[in-house]
Amino acid sequence: MRNIRSSRRGFTLVEVGVATFIITVVAMAGFAYYSTARVAEIREWHEQNALFMVEREVEAWQANGYTSLAGFGAADCGPANYLPYGYRFGTPDPDWNVANRSKDVVLDGVTYRIRAQNLYNANTGNDYYRQEIWASPGGPITYYYRRLNIIVQWGGLSGTTSIWSTNAETRMAR
């Protein structure tokens with residue numbers, strides 16, 4: 001009499017179930033890795049674009065020099081306030097949104113919002129600047145400069161908030 005069990009060919013239902021489970025776990029792990037890597041790649045791309053725009057804005061502020069910020073008031077300066085328009089008090093940037101205190105730039109189909117802050121600790125009239133005093137052997141040395149914080153925001157732009165942002169500071173000596 002032949003062995004009945006050895007004459008059967010194919011897979012049992014349990015073997016098929018185990019194989020399906022293993023393939024599903026491996027596929028889910030691969031998808032999770034791919035999606036995480038893709039999200040990180042997209043975030044890095046936005047950060048590079050934002051850094052490019054920050055550098056471009058810093059150069060624009062530097063090109064106008066120290067005196068360009070004279071004229072802004074206390075409500076325009078400081079860490080809680082954004083400058084109402086860019087580069088110069090007397091000749092505003094036409095792309096700057098005065099009410100929103102920002103400039104929107106579209107790069108590769110994505111809107112980035114640029115803002116600037118004049119951070120100060122001293123003022124003379126409407127001339128807000130940083131004043132630092134260094135102690136030296138020959139007596140104190142006082143120096144003055146502008147401290148600008150340039151902020152680029154993207155993703156979920158709403159008022160002064162966003163999901164993502166980057167910033168850089170520049171200083172301009174008097």
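Points worth noting:
- Residue selected from the stretch 131-156 under the condition buried (at least 17 other Cβ atoms within 10 Å of the Cβ) and out of contact with any Asp or Glu (no Cβ under 8 Å at 6 or more places or on another chain), by the criterion nearest to Ala40 (Cα to Cα): Trp154
- Evaluated against (1) free of Cβ contacts under 8 Å to residues at least 24 places away in the same chain; (2) surrounded by 12 or more Cβ atoms within 10 Å (Cβ to Cβ); (3) outside any strand (DSSP E or B), Lys103 falls short on exactly one condition, (3).
- Residue count for the stretch 93-128, restricted to those that are closer than 14 Å to Glu57 by Cα and of a type outside the set (A, V, I, L, M): 11
- Some residue of the stretch 72-86 being part of a helix (DSSP H, G or I) and in contact (Cβ under 8 Å) with a residue 12 or more places away in the chain: yes
- Single condition Gly139 does not satisfy, out of (1) touching a residue at least 12 places away in the same chain (Cβ under 8 Å); (2) of a type in the set (Gly, Ala, Ser); (3) not in a strand (DSSP E or B): (1)
- Every condition in (1) touching an Asp or Glu at 6+ places or on another chain (Cβ under 7 Å); (2) modelled with pLDDT of 90 or more holds for Asp76 except the one numbered (1).
- Hey, Met53 touching a residue at least 60 places away in the same chain (Cβ under 8 Å), out of contact with any Lys or Arg (no Cβ under 9 Å at 6 or more places or on another chain) and not basic (Lys, Arg) or not: yes
- Selected residue (criterion: modelled with the highest pLDDT) from residues of the stretch 4-26 that are exposed (fewer than 10 other Cβ atoms within 10 Å of the Cβ) and of a type in the set (Ser, Thr, Tyr): Thr12
- Residue selected from the stretch 106-125 under the condition touching a residue at least 40 places away in the same chain (Cβ under 8 Å) and assigned to a loop (DSSP other than H, G, I, E, B), by the criterion surrounded by the fewest Cβ atoms within 10 Å (Cβ to Cβ): Asp108
The values are calculated or read from the model by the stated rules, or taken from the named source; none is laboratory data. Bear in mind that the values here come from a model prediction, so they are computed numbers and not experimental data. Ideal geometry is used to build each Cβ from the backbone, glycine not excepted, and the neighbour counts take in all protein chains shown.
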